[in-house]
Every structure is written in structure tokens, then in C-alpha cells.
Amino acid sequence: MKKHIPTRFIYTFLKYKIIFSFCSAVIFFTGLIIIQSCGEQENTFTIGSTFLEQNSRVVLIDTFRVELSTVQFDSIATSGTGVALCGRYSDNEFGIIECKSFFQIGIPSSSIIENNEVYDSVTIMLTFSGYTYGDTIPNQKIQVHQLTENIVADNSGYLYNTSSVDYKEEPIGFTVFKPWVNIYESIEFRIDDNLGLELFEMLKYNASQVSSNEAFTEYFKGLVITTDENDHGVIVGFNAGEGAISLTLYSHIVKENLIENSYDFTLYNYYQQFNQINYDRSGTLLSDLTVQDDDIPSIETEDKTFIQSGTGLVTKIQFPTLGEFLLMENSAMLKAELVIAPVINNYTRSILPDSVIIIRTDIINRTLSQLYNNEGEKVTGKFIQDDQYNEQTSYTFDITDFLQAELKDSYFDYSKGLLLAFPENTFISKLNTLIIESDSKEFNAPRLKIQVLVYDEE
Amino acid sequence: MKLKYLIVLFLSAISYTLYSQITSSPYSIFGIGNIETGGFGANAAMGGTGIAFKSSGSLNNLNPASYGGIDSLSVFFELGIFGKTTIYKTATESQNRFDANLKYLAAGFRVTRWWAGSFGIIPFSSVGYSINTTNIYEGTIYSFERQYTGKGGINKFYIGNSLKPFKNFFMGFHASYLFGSIINNEIVDATENINAYKITQTQYLNNFYLDYGIQYQFNLGKLNYGIGLTYSNQRKLKTDNIVEVAFGIDTISIEPENFKTFFLPESYGIGISVEKENRFRVGLDYTFSRWSAMSFSNPLLEVKDNERISVGMEYTPRQRRNETGIKALYYRIGGFYNSSYLEIENQPIDSKAITFGLGIPLRQDLSMINLSFELGDLGTTQKGLIREFYGLLHVNITLRDLWFMKRKIK
């Protein structure tokens, strides 16, 4: 009787439902009051703060050095942007920049020319994209040349700002216009009639050269738009999408009435259209900057660094002393913000770009990838414009996720830098600039603001 | 099926007890938290008195020797829940909290004529606080909110034995396993100026623990007199500590070597009682815990010896077994004064309370629902400290069965 206590327990448990129902009732009741009480616990409770040993602190540290330099990309892909840049501009900071736009044209969609049809003229029509860079007041003379060489993209399908295609020096047409007047319109001007007649005859006799676009582009390599060598006030953009530029043949037939006809040879293979962007930086702070892997530190460029789209100028940022963060004991980097500001009094002449992005780079300044945060969003600079004093005007980048990841293995490789650039669509189709203050003694010096949690082990 | 049900229920009740918060007192931030008062329903209504009481109508775990009073036919189950509403007051502020939970589960029975035992799980200490502070983001003009929370506590699983070596004399011990964890969090939510982080400091504590007791019960005239003594050793709690700092997608884990260690103090208790069976009983307890031998790392804190004195009385007007109405009930009253081991900025954090309660017999007297009410206060509003006024309702169910008698009838 006194031996099998555990079996007897279980036996009795089984037998007495009342225990079961009691327990259930009690637990149910308890559950109810718990749920109720949990709701109440959400209120803020401030009493008791004097008992806390608040050993952890959150501190802003902005003394880690931010080193800036200017990098010249060897080349940037400028094909298929939909914009034909054309013109020349020079200033003291960026030197002389010259843009030429190369493109192919295709055959008219229908071209049944009657025997008694007479050639009149040939023109080219360009439509302004609305983009200008520089001074729109002076007149600009642009010229159209015929290519003597095919436009051939590289293996990856791109043409670059440095690509070049030979063309006949003698233009087949030119015009002079006032950019500030014409900027929202189209311009149409005469082309050499010898070319016009040649094309007309081909259409008329259904020559093999006009049987297909492929055959035509083999015969007629394409066109380039250049600017007169004496003009250096402005760079303008023309629309350069598929069909956006057209070479038009005009003709007429005399029957009972006069019938006028026209045949459009329009821009073809728009992804083969590209802008050659040449720059001559001699006489500027950047005159020594020639190859991509050799950047110029800001101290050699009067404590300024430069960004220019189109020519492929970017600013490299490095944090040479950030490795010391790893020596700080019991510290966690909660947040890291990079703040950069434009050089004051430099940007009144143009509107500051409202979007600046970050590209990861390495010791030889290769572009690795655009910087994303952990949420998968591109890291872009939050732009603050201080209209009143310009003093607060700056771009702030949240690079927390990048630095947390870089510091995670307890080693910081500072040669892994960041490049500041414009978003890709701007970078390859425009010539926008930004000059960044790099003087650490200036109030708007570049700063790395790190929010550090200093915790206590106890 | 029912067996499976019951096991699940019992286990979930146990785990529920183990992992739920049972206090919201800011004072529980210190040490291992608030030290929970022992005793079950009947004790609670009598100021927590019971060192000299026998475990007759219900279990009494204040003195392991008392299990000797379990009659040979009974098996006890004790289950307790409580609801506590507290007003926390400083010199300038006042805030309310309500806590409720399952508190303990225990069973007691007689094994042989000279040996009785009990086992159960009861809270030993509890931590549960949540405090918000405003802090400066150093180096800037900004400030941010920080939340400190603590939860957890130490549970005690015990097996109690009481032996009766000779007439009127009982000696017993609780062999316990103390275990639990205390989790202290520091939480900052992300705002415009601050990124979120969370520091979690988890301390796992455990050790075996022994406490002893003796009781001497004798009759003189129509009354039964009891005297009881209890003792427990100083004991270090084994600790494992982990600090985790979570921020961004990272978590830094540290296992600090020099972390707080905790000792449980040497403790003595003495109690006397006078009882007239099925009519009344009166008891007086005094316990002393040598906390002054301990040291706490908190610089705010001084520790001193803890003394607790309590009295309690139980009375029933019942004349017969099948009495009904108010005459069938047990009436209890008591009170205690506890000079806490905590002394903050030279202010003792003492507590005192009055208790009263009812015992409502069920099922022909075998089982009983015990209700007890405790009205008390703790602490002081001096020196920026907190005074807690609380009302506590404690519901206890003593299930008692005459198992062995049933066996005999069969």
C-alpha cells in the first residue's frame, strides 16, 4: 500500500475529473487577467528611473577623417541615351568640353518615285530636347557631316564618350541658331544637294542600297553633328530616339496639279547613337588627371573635388582613420551619415543637382556597384537647400548599412571607397557638375557623423 | 486521454509559472528581484505566519517539519493565483499597475507513519519592471527615449520531507532546485535622430538549496502548542551571463567574466503557535536573514539584515461538519512587518501589511478555497524613492482527498 505512490497518483488523477475542471477553470481565469494586465503594462512608466544604472551612452562622433579625391573615369557608355549632345563649352574649373553626336539613318518607309518626279531639296530636322549646358545667349553654328566608317558597338553593345568614328571633314550642311530662342522647337536646314540627288536617284531606281536598312547603313554609314570650332558657349541636346532625327528629300510631280512629295530618312538603330564627349582640362586644377586608377587628392586641387557627368568625373571618398573605431571598446555603430556640401558661391550659376548617388569602389577606382541599403533601396543624398545663407546646403547619405557591414569582420579596409556621382541617366546624358568642399577647416567640410552606442558589459 | 490532457495542463501551468512576470515593482531591479513570501493560502491570510503550524487543513511550506501534520489519509494539492494592484508613488508622481498570475503548484502526502512529504514549484524571487527615461544624444542637441525592462525571476522546485523520530517531534528539510533567469533589456526605438538598438542582459541562475526545520507540538489542557525553528545556509547561485547588443542587422554577444554573482543569505526563523482543534489557531513568526554579509554592485544600494515579524489567527464558528452559511467558514486575520534588506540612500525599504481572509470548505470539508486580502505598503517617498501601496487578492485552492481510505474500502 505504501509502495507505489507514483502509479497511485496517476490513477487518482485520472479518476477525479473535478481536479481537471478546477485546474482548467483556474488557468482560464488566470489567462484572462493576464491578457487584461498585459494591455495595461504598455503605459509608460517613469517611476524608478533613479534606480537605474544607466551606463550606456549614445554619442555623436564626427572626428573620423573624410578624405576626398577626384577620379576621372576612362570612359562612360553614352550610346542609346535618346539625347544627342552637341556643342562646346569651356570654363575655368572643367576646361573645354566638346560634344559630337553620331547616329545612323534608315530608309523611308515607302518610296515609289514616279518617272516624271523631280527632285527639289534635302534637309535635316533636329528637335531640341530642352537640355542645355552653358551660356544660351550666343549664336551656335552646328554642322552635319557624313560618316566614312561604320558605327560599331563593342562586344557589350556600347559606345562610349571616348569612341570615335571617322567622318568627312567637309560638312554636308550647317545652320546657325540662337539656343535661347529655339530651345523648345525644331530646326530644319538644307543639306548638300549632291547627296540629295544621289539618294533620290537610288529611290527612283530602287537601287540595292535602299532595299533594306542594313544595306543602306552599309552604303550610308551615318551622320555626325559637330559645332563650329569658334563656338564655345553652350552644349545643347537634341532628341535622338528611334526616328527622332530625319533627313528629308523633297520632290514634286507636275500633272494637272503640282504634287509635292517628301521622303524621310530617319534615325535608325537608336542604341547605336552615341555622344562623343572630349575634354581638354589643361590649365585647370584637373590637368594632371588622365587615368582612372590615379585619382587626385583634394589637397592638390585647392581643397575641392569635382563631379561631372558626361565626361566621367566623380569624387572618391575614403575614411582613412575609421579603422580606429574598432579599437573603441564596447562600442556599436548605430548610424553613420556622410554629409558633403558644395563649395559656396560656386553653385549660384546653376541649379544644384538634387540627386547624388554612391557607387562602391576599390583601390584602383573601379566602379563595383551602386550602394544599396539593407532594405534594398539605393542610397542617395538627402538634399537640403539653405536658400537664405547657403550655409546648410548639403547632401546627407545614410551609409550605416555599408559601414556596419565593412566593420563586421573587425577589420576595416579603407581602400574600399565610395564614389559620388549623379544617377546613371544623368551621368551618361548630361554634363551637370558639382564642386564639393573638401577643406576640413571649413564649416561645411565633409563629415562622417557616427552615432555610437557605448555600452557597459554589466 | 485524460491523463495526457492532465499532464499537458500541468506542464503548461508549470511553464506558465516559470516564465511569466509576477511583479511590476521598480524595486525588483535590484539583485535577484523581490523576494517572494512563502506559504500557501491559509498562511497568506495570516500575515504569512506558519513556522509553528502543522499542515493539517492545508499545506504549510513555511517549515518543512510541518508536513508531519498531514493525516495519513489525505493528499493535498495547492494551487494559487493572485491579482495585485499597486499604486507607485514618488514625492511628485503617482502611477498604477495591475499584476496577476498563477503563483504556485504543490502537493503533499504522507508516505509512512513517520514520514510525510511534499513537492511543488513556487516563486522564489521575481523581477518585473519597465521604466522609461529620456536621455541626451551626446554631442548633439537631441534627446531620445530609452526603455528599461526587466523580467524573470527564480523559481524553486522543492521536495520536502518531514520525519517524526519520536512523539510530538518533527524534523524536515526542503531539498530544492533554484533556477531561473533574469532578463534586463535596454530598448531604444528608432526615431529621426537615433537608430534603434537593444541591449539584452540575460542571467541564468541555478543551484541546489537546502533548508531545514523542526517542530515540536504538544497538548496542554485543551490546547495544542507548537514551536518551530527553521534554518538555511548561505548559498551562492551559479550564474551564466550573456549580454547581447542588437543594432542594425548585427548582434554582438558577450559573455562577461566578471559579472554580478548572487548569494542567498543564511536565514533563521522561529515561530510559536497555540491551537484549539477545529476552533482557532494563533501564530507568531520571526525570521532573520543575514543579507548584510552580501554585497551588491549597485552603488546606490546598501544591504542590511532582513527581519520579518508576523502574526496570524484563524477562527471558525463551526460546530458540526455539515454546517452551512457563515458558520461554515474559516476566518483569518494577520499582519507583518518586514524590514527589507534593501537600503537605498540610507532609506530602509520596509514593508508592512495587514491581511485577512476566508476559508470556504468544499466537498464535505475535504477541499477548501482560501481567499486572502492583503493591504500593505512598501518603501518611502523620501530621497526621491518610491512608496508602493498595494492591494492583493490571493486565491488558493486546497484540494484534499482521502485516497488511501478509498483504497481500503475497495
Q | Whole-Hz couplings from phi, Karplus 6.51/-1.76/1.60, listed for segment B:67-83; x for Gly and Pro | A | 4, x, x, 5, 6, 5, 9, 9, 10, 10, 10, 10, 9, x, 10, 9, x
Q: Specify the residue with the greatest mean-square fluctuation among B:F77, B:F157, B:F98, computed from a Gaussian network of chain B linking alpha-carbon atoms under 10 Å apart.
A: B:F98
Q. Can you tell me the Rg and Dmax of the protein assembly as shown, counting just the alpha carbons, in angstroms?
A. 44.6, 150
Q: Could you work out, residue by residue across A:329-340, how many beta carbons of other chains sit within 10 Å of that residue's beta carbon, and then give the average as an integer?
A: 3
Q. Per the Kirkwood definition applied to all pairs of different Cα atoms, how many angstroms is the hydrodynamic radius of segment B:298-389?
A. 15.7 Å
Q. Whose amide H sits under 5 Å from the amide H of A:N432, counting only residues 5 or more places off or on another chain, with H placed in the peptide plane?
A. A:S309
Q.
Whole-Hz ³J(HN,Hα) for each residue in segment A:280-290, computed from phi via Karplus 6.51 cos²θ - 1.76 cosθ + 1.60 with θ = phi - 60°, x for glycine and proline: what do you get?
A. 10, 9, 4, x, 9, 5, 9, 4, 7, 7, 10
Q. So what is the relative contact order of chain A, in percent, for Cα pairs below 8 Å that sit 6 or more residues apart?
A. 24 percent
Q | Alpha-carbon gyration tensor eigenvalues x 5, square-rooted, for segment A:83-279, Å | A | 31, 20, 13
Q: May I ask you to derive the FRET efficiency for A:F443 and B:Q147 from their Cβ-Cβ distance with R0 = 35 Å, giving the value to the nearest 0.05?
A: 0.45
Q: Give me the angle, in degrees from 0 to 90, between the Cα long axis of helix B:2-19 and the longest principal axis of the Cα atoms of chain B, rounded to the nearest 10.
A: 50 degrees
Q) Given a 1.4 Å probe and every protein chain left where it sits, what share in percent of the accessible area of segment B:185-233 is carbon and sulfur? A) 58 percent
Q) Calculated FRET efficiency, B:L362 and B:K198, Cβ-Cβ r, R0 45 Å, to nearest 0.05? A) 0.40
Q. How much area per residue is accessible in segment B:2-409 when the probe is 1.4 Å and only protein heavy atoms are counted (Å²)?
A. 43 Å²
Q | Built amide H within the under 5 Å cut-off of A:T393, gap 5+ | A | A:D386
Q) So how exposed is A:I344, as accessible area in Å² (1.4 Å probe, rounded to 10)? A) 50 Å²
Q.
Helix A:17-41 against the longest principal axis of chain A: what's the angle in degrees, Cα atoms only, rounded to the nearest 10?
A. 50 degrees
Q | Table column - 3J(HN,Hα) (Hz), segment A:244-256, Karplus curve with 6.51, -1.76, 1.60, x for Gly and Pro | A | 6, 10, 9, 9, 10, 9, 10, 8, 9, 10, 9, 10, 5
Q. What distance in nm separates the simple spin-label points at A:N194 and A:S282, each placed 7 Å from Cα in the Cβ direction?
A. 3.4 nm
Q: Considering Cα pairs under 8 angstrom that are at least six residues apart, work out the relative contact order of chain B and quote it in whole percent.
A: 17 percent
Q | Along principal axes, Cα extents of chain B, largest first, whole Å | A | 79, 50, 41
Q) For A:V83, which sequence-distant residues (separation of 5 or more, or a different chain) have an amide H within less than 5 Å of its own amide H, given hydrogens modelled in the peptide plane? A) A:A240
Q) Using a Förster distance of 22 Å, how high is the FRET efficiency between A:E93 and A:D294, based on the Cβ-Cβ distance and rounded to 0.05? A) 0.65
Q: Mind grabbing the accessible area of A:V234 for me, 1.4 Å probe, Å², rounded to tens?
A: 10 Å²
Q) What span do the alpha-carbon atoms of segment B:178-234 cover on each of the three principal axes, reported in whole Å from largest to smallest? A) 79, 25, 13
**Q.** Kirkwood hydrodynamic radius of chain A, Cα pairs, Å
**A.** 27.2 Å
(Q) Please compute the length gained on full extension between B:T92 and B:K327, using 0.36 nm multiplied by the number of residues separating them and subtracting their Cα-Cα distance. (A) 79.9 nm
Q. On a 0 to 90 degree scale, rounded to 10, what angle separates helix A:5-15 from the longest Cα axis of chain A?
A. 70 degrees
(Q) Could you compute the net charge surrounding B:T202? Neighbours are other residues with a C-beta less than 10 Å from the C-beta of B:T202; K and R count +1, D and E count -1. (A) -2
Q.
Summing both sides, how much accessible area is buried between A and B? Use a 1.4 Å probe and give Å² to the nearest 100.
A. 6700 Å²
Q.
For Cα pairs less than 8 Å apart in space and 6+ apart in sequence, what is the mean separation divided by the residue count of segment B:300-369, i.e. the relative contact order in percent?
A. 33 percent
Q) Counting partner chain Cβ atoms within 10 Å of every residue's Cβ in B:132-142, what's the average? A) 5
Q | Cα→Cβ-extended label distance, 7 Å offset, between A:T50 and B:N206, nm | A | 3.9 nm
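The values are calculated or read from the model by the stated rules, or taken from the named source; none is laboratory data. Predicted, not measured: the structure shown is a model, and the values here were computed from it. When we count neighbours, we look across all protein chains shown, and the Cβ atoms used for this are built from the backbone with ideal geometry, even at glycine. Note: accessible area is taken over every heavy atom of the protein model, side chains too, but ligands, DNA and RNA are not part of it. Shrake-Rupley method; radii C 1.70, N 1.55, O 1.52, S 1.80 Å.
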